[in-house]
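Taking it in order: structure first as structure tokens, then the write-up.
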Amino acid sequence: LPQTDTAETETVETEAADAVEKHTGDGKTLVVYFSYTGHLDSMAHWIADESGADLVRVTAKEAYPEDYDETVDRAKKEQDDDARPEIDIDLTEEQMAEYDTVFFGFPVWWYDIPMPMYTFLDSYDFTGKTIIPFLSHEGSSNGGSAEQTINEHARGAAVRFEDALSIRGGK
């Protein structure tokens, strides 16, 4: 994982605090995220702590290879095939219905969200919910086509990409 200096960490925390402060609704808040390398773990935990949110991590039922290049190849094939890999997640549809605000975290893979997050979005009803993305990237700081994807697959949600937190990651 990349090393970050104190100034970069403080900037990220300030941006995250602003996004957390802006989240709307008096209902329950969820932080849900996918992270192959664990890079988003600390950010997801920080957002959950600051917002008093529940925290759920999405993982692929078939784990991605430890080898980075093999994972890149698999991720590209999944995207090319428009695959919906099975996921492991500790969240029922009834539990999801209780949340008003969802912080949605992911690494940008091939200029989009990872395919396990497509599976997540396609598995729940987002009607009336507010979604605030947070993402890591290697140059696609705007998330590539992630905003369009989230809007299309989280039907009925208000996606606040203008409040998204974008952090540069690494292998």
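The values are calculated or read from the model by the stated rules, or taken from the named source; none is laboratory data. No experiment lies behind these values; they were computed from the predicted model shown. In case anyone asks, the SASA skips ligands and DNA or RNA and just uses the protein heavy atoms, side chains included. Shrake-Rupley method; radii C 1.70, N 1.55, O 1.52, S 1.80 Å.
Close amide H partners of VAL159, meaning residues 5 or more places away or on another chain with modelled amide H under 5 Å apart, are ILE131. Within the accessible surface of the stretch 92-156, defined with a 1.4 Å probe on protein heavy atoms only, the carbon and sulfur portion equals 42 percent.
For the stretch 107-171, the solvent-accessible area with a 1.4 angstrom probe is 41 square angstrom per residue. Overall shape of the stretch 39-171 was characterised from the C-alpha gyration tensor. The equivalent ellipsoid obtained from it has semi-axes of 22, 17, 15 Å, in decreasing order.
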